[in-house]
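Worksheet: one structure, shown below.
The values are calculated or read from the model by the stated rules, or taken from the named source; none is laboratory data. Everything numeric in this text was worked out from a predicted model, so none of it was measured. Here the Cβ positions follow ideal geometry from the backbone for every residue, glycine too, while neighbour counts run over all protein chains shown. Surface accessibility is based on the protein's heavy atoms, side chains included, excluding ligands, DNA and RNA. Shrake-Rupley method; radii C 1.70, N 1.55, O 1.52, S 1.80 Å.
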Amino acid sequence: MIVTLTLNPAIDHTVVVDDLVPGDTNRAPSCRTDIGGKGINVSRVLRELGCPSTAMGFVSGTTGRFIEHTLADRNIPRDFVHVRGGQTRTNITIVERRRELTTTINEPGPYTDPHFFNLLLTRLKRRLQPGDWLVIGGSVPPPLPTTVYAEVITLAKKLGVVTVLDADGPALAAGIEAGPFMVKPNRRELQRLLGRGPRKVETMLEAAERIYACGVSVVVVSQGVEGAVAVSDEGEWQVVPPVVQAESAVGSGDAMVAGMVLVLSGGGTMEEALRLGTAAGSATALTPGTEPCHQEDVARLLPLVAVRQVRGDTPARRPALALRMRGTSS
């Protein structure tokens with residue numbers, strides 16, 4: 001079974017303009033509203049690809065109930081803890097068509113008392129079984145500490161559950177120290193984590209090796225239209241996606257996680273996982289807002305993904321490198 005965990009879900013409101021003019025009235029030719037949050041997006045893509053999953057996390061207020069009802073309408077099982085007070089956040093994405101720029105404004109999320117996190121841990125203990133996969137993604141609502149993902153990963157590993165982490169900043173750094181099976185930062189998240197901005201493929205792979213050295217079995221760094229690089233127990237990889245006319249890149253990284261988890265949880269190879277994950281991410285870019293990919297688009301793009309193994313041997317583990325990562329404790 002695959003379970004996704006979203007501690008800070010959102011309503012994603014996407015507004016499309018020709019050009020954004022700051023300080024003036026802007027009229028939007030189109031807009032749309034979707035449910036969102038990394039884990040929820042993964043569950044939506046898995047559903048589209050024919051794989052069941054259960055969405056868990058926190059919801060609050062009427063916006064939280066809207067998320068639950070939408071998931072129910074799409075036949076996605078859910079098991080959320082209801083946080084009293086406040087509303088599940090609303091995030092705004094502004095897409096400028098002429099300049100091909102996307103600006104995102106994310107709310108912090110509702111105040112979540114640690115009591116509710118303890119309730120969530122109890123539910124996870126009850127639901128998760130050895131051999132299950134747990135996909136953890138997104139930001140952490142206030143005032144929970146950034147170490148909560150590390151706590152979840154530690155619990156899941158004790159239960160024999162395979163963990164996947166897609167987060168940013170201190171939450172990502174702390175989560176890596178707990179040793180998840182897989183992490184998938186994008187290039188900007190990797191830059192914030194390591195304190196520098198790798199660009200060349202070799203440098204990106206070297207940066208991914210630093211995370212792999214901390215005990216993470218699979219490290220995938222997504223780079224948008226430039227594809228991805230990966231370091232795993234099977235070697236190192238470079239992935240080039242097909243060229244598509246993108247409508248919205250929001251959610252493409254989540255789709256990549258979904259495709260890879262679908263393959264790896266079924267015993268597939270790293271090459272197969274990277275191929276399906278990249279096809280799902282590219283297909284998601286074809287849809288507006290945070291609408292998930294369509295299965296027929298994934299099937300069409302799958303043979304167009306180029307996957308090249310850069311090296312077949314496993315990089316050496318160098319745990320001391322972990323101490324130099326920005327945001328971790330020394």
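Odds and ends about this structure:
- Sole exception among (1) under 24 Å from E271 (Cβ atoms); (2) surrounded by fewer than 24 Cβ atoms within 10 Å (Cβ to Cβ) for V183, by number: (2)
- Exactly one residue out of T147, T163 is surrounded by fewer than 20 Cβ atoms within 10 Å (Cβ to Cβ) and within 17 Å of L7 (Cβ to Cβ): that is T147.
- Filtering the range 34-52 for residues that are in contact with a Pro (Cβ under 8 Å, 6 or more places away or on another chain) and among the hydroxyl-bearing types (S, T, Y) leaves an empty set.
- Scanning the range 207-217 for residues that are open to solvent by 10 Å² or more (accessible area, probe 1.4 Å) and free of Cβ contacts under 8 Å to residues at least 60 places away in the same chain yields a single hit, S217.
- Complete set of residues in the range 1-14 that are open to solvent by less than 30 Å² (accessible area, probe 1.4 Å) and in contact with a Ser or Thr (Cβ under 8 Å, 6 or more places away or on another chain): I2, V3, T4, L7, N8, P9, A10, I11, D12, T14
- Identity of the residue in the range 238-253, surrounded by 23 or more Cβ atoms within 10 Å (Cβ to Cβ) and hydrophobic (A, V, I, L, M, F, W, C), that ends up farthest from the chain's Cα centre (by Cα): V239
- Among the residues of the range 68-84, those identified as within 25 Å of P142 (Cβ to Cβ), at pLDDT 95 or above and open to solvent by 90 Å² or more (accessible area, probe 1.4 Å) are R78, H82.
- Matching residues, the range 45-84, being assigned to a helix (DSSP H, G or I), in contact (Cβ under 8 Å) with a residue 40 or more places away in the chain and either touching a strand residue (DSSP E or B) at 6+ places or on another chain (Cβ under 8 Å) or over 23 Å from I2 (Cα atoms) (or both): L46, G61, T63, G64, F66, I67
- Residues of the range 255-295 that are among the small types (G, A, S), outside any helix (DSSP H, G or I) and buried (at least 20 other Cβ atoms within 10 Å of the Cβ): G289 alone.
- Number of the exception - M204 against (1) open to solvent by 10 Å² or more (accessible area, probe 1.4 Å); (2) in a helix (DSSP H, G or I); (3) modelled with pLDDT under 90; (4) not basic (K, R): (1)
- Filtering the range 274-309 to residues that are farther than 18 Å from K38 by Cβ and of a type in the set (V, I, T) leaves V298, V305, V307.
- Complete set of residues in the range 24-43 that are over 26 Å from T122 (Cβ atoms) and open to solvent by 10 Å² or more (accessible area, probe 1.4 Å): D24, T25, N26, R27, A28, P29, S30, C31, R32, T33
- The single condition among (1) within 28 Å of M260 (Cα to Cα); (2) touching a Lys or Arg at 6+ places or on another chain (Cβ under 9 Å) that R78 does not satisfy is (2).
- Single residue of the range 85-100 satisfying the filter (under 21 Å from the mean Cα position of the chain (by Cα) and outside any loop (DSSP other than H, G, I, E, B)) that is surrounded by the most Cβ atoms within 10 Å (Cβ to Cβ): V95
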